[in-house]
Amino acid sequence: MMQSEPSSWQLPPAMADTATRVDDAYNFIFWFSVVFAAAVIAITLLFVLKYRRRSGVKSESTARHTKLETKLEILWIVVPTLFIVVLFHKGFSSYIHNATAAEGATEIRVHAKKWSWDFEYPGGARSNELHLEVNKPYKLILSSDDVIHSFYIPEFRLKRDAVPGQYSFVAFTPTVPGEAHVLCAEYCGTNHSAMIADVKIETPEQHQEFLASSGKKPKVCGTPPVECTDEKWGESLFQKNACFTCHGNAGDGMTGGAKSLGPKLAGIFGKPQSLADGTSANADENYIRESILKPSAKIVAGYTNVQMPPFASLTDDQLEAIIAYIKSLK
């Protein structure tokens with residue numbers, strides 16, 4: 001897919017209508033500041049050179065009383081004030097534009113939870129990737145299942161907090177097909193840095209294909225792409241849903257050389273698991289499925305302080321693929 005060029009050498013590609021307004025204001029402020037700073041430095045150096053102390057000249061003989069320059073002072077107040085008014089107008093107009101959804105905008109629910117994003121589309125389709133149709137207006141309604149997160153897409157120049165117990169939203173129109181990224185810009189716990197999601201800006205045909213196939217096993221998956229068996233699809237879903245942040249890569253129970261937040265998954269299938277209430281449960285298909293959909297139903301001993309979010313958005317096919325992947329872990 002084609003991707004737009006950065007609007008300046010300092011910024012990522014602009015891929016939505018919201019980015020253009022922000023970039024215009026940023027570039028204006030930046031270059032005005034560069035020119036103004038250069039002018040001030042040049043004048044300062046000129047004065048330092050012109051009025052430097054010279055040998056043989058007494059400083060008292062060159063000293064003069066200055067008179068009140070009322071016009072100059074008024075000019076010095078009026079010009080910066082006008083500049084600030086212009087900046088306020090540009091910034092506020094951009095804010096109003098970005099805070100107002102276009103008529104007929106498609107609404108997508110965005111659920112934030114430690115440490116992943118879940119996107120719910122009209123009609124019930126859900127994904128942990130944000131799929132958008134190019135040149136189509138959207139309104140994303142944000143909410144959080146646990147703590148404060150911050151929904152941030154650098155390529156759109158958009159950032160808005162997702163707060164527990166209330167809704168917020170962002171509105172935009174993607175303008176360039178390609179890939180962008182969702183980040184969390186509010187520290188939300190141990191694996192905050194792993195709370196990332198891909199944004200796919202697609203043509204109308206590609207977007208309709210996504211909606212039609214949402215929740216179904218793709219033909220290829222993984223990196224590099226291979227034939228998508230249940231195990232490979234489950235591995236891909238394990239990564240996309242950021243399960244590794246709590247259970248370790250390949251479910252090995254290790255994160256960054258230390259014990260992971262969640263229990264080890266590798267090698268547990270078919271074996272009894274000691275639970276926090278003193279009982280035990282056999283790690284069969286039903287146990288794994290229940291642990292994904294209702295994590296608090298059976299808590300593994302030693303992990304009572306872990307708050308795993310329920311992954312209720314997964315389809316039956318996706319659940320079966322993840323179960324198949326966990327069964328394959330040794």
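The values are calculated or read from the model by the stated rules, or taken from the named source; none is laboratory data. Computed from a predicted structure; not experimentally measured. Using ideal geometry, Cβ is built from the backbone for each residue, glycine included, and neighbour counts are taken over all protein chains shown. We work out accessible area using only protein heavy atoms, side chains counted, and drop any ligands, DNA or RNA first. Shrake-Rupley method; radii C 1.70, N 1.55, O 1.52, S 1.80 Å.
A few comments on the model shown:
- Cα-derived Rg over Rh, computed across the range 106-213 with Rh taken as Kirkwood radius: 0.95
- Shown is the FRET efficiency for Leu11 and Glu205, computed with R0 = 30 Å from the Cβ-Cβ distance and rounded to the nearest 0.05: 0.50.
- Sequence-separation-based contact order of the chain, relative, with Cα cut under 8 Å and 6+ spacing, percent: 15 percent
- Given a 1.4 Å probe and the protein chains as shown, Met254 ends up with an accessible area of around 80 Å².
- Cα-projected label distance for Lys139 with Ser33, points at 7 Å along beta-carbon direction, nm: 3.5 nm
- Contour minus Cα-Cα distance for Asp24 and Val40 (0.36 nm per residue): 3.4 nm
- Accessible-area composition of the chain, carbon plus sulfur, in percent [1.4 Å probe]: 59 percent
- Spin-label pair Val85-Asp161: with each label point 7 Å from Cα along the Cα-Cβ axis, the two points sit 3.3 nm from one another.
- With contacts taken as Cα pairs under 8 Å and at least 6 residues apart, the range 106-213 reaches a relative contact order of 30 percent.
- Database note for the chain: Cys without another Cys beta carbon under 4.7 angstrom, Cys184, Cys188, Cys243, Cys246.
- The chain - mean residue ellipticity at 222 nm from DSSP helices (-39,500 (n - 2.57) per run, n ≥ 4, rounded to 500): -11000 deg cm²/dmol
- Among complete DSSP H helices in the chain, those whose alpha-carbon atoms stretch at least 30 Å along the helix's long axis and whose mean Kyte-Doolittle hydropathy reaches -0.5 are 17-50, 70-98.
- Ile74 exposes around 90 Å² of accessible area when a 1.4 Å probe is run over every protein chain in place.
- Net charge over other residues, Cβ less than 13 angstrom from the Cβ of Asp146 (K, R count +1; D, E count -1): -1
- On the basis of the beta-carbon distance and an R0 of 35 Å, Ile148 and Asn286 show a calculated FRET efficiency of 0.50.
- When you work out D = kT/(6 pi eta Rh) for the range 243-330 at 20 °C and 1.002 mPa s, using the Kirkwood radius from C-alpha pairs as Rh and the Stokes-Einstein form, the result is 163 µm²/s.
- Between Asn305 and Asn249, the FRET efficiency from the beta-carbon distance, with R0 = 30 Å, is close to 0.85.
- Per residue accessible area of the range 220-328, 1.4 Å probe, in Å²: 53 Å²
- Relative contact order, percent, the range 152-198 [alpha-carbon distance under 8 Å, six or more residues apart]: 37 percent
- DSSP loop GluC sites (Glu not before Pro) with at most 12 other Cβ within 10 Å: longest gap in the chain: 104-330
- Full-stretch length increase - Lys50, Thr100 - with 0.36 nm per residue and alpha-carbon distance subtracted: 12.5 nm
- When the charge dipole of the chain is built from unit charges on Cβ atoms (+1 for Lys and Arg, -1 for Asp and Glu) and taken about the Cα centre, the candidate among Asn286, Ser274, Ser55 whose Cα reaches farthest toward its positive end is Ser55.
- If only the Cβ of Lys and Arg carry +1 and only the Cβ of Asp and Glu carry -1, the dipole of the range 106-213 around its Cα centre is close to 300 debye.
- In whole percents, the pair-distance distribution calculated for the chain from its alpha-carbon pairs, binned every 10 Å from zero, is 5, 20, 25, 18, 11, 8, 6, 4, 2, 1.
- Gap separating the Cα centres of the range 77-153 and the range 282-329, nearest whole Å: 32 Å
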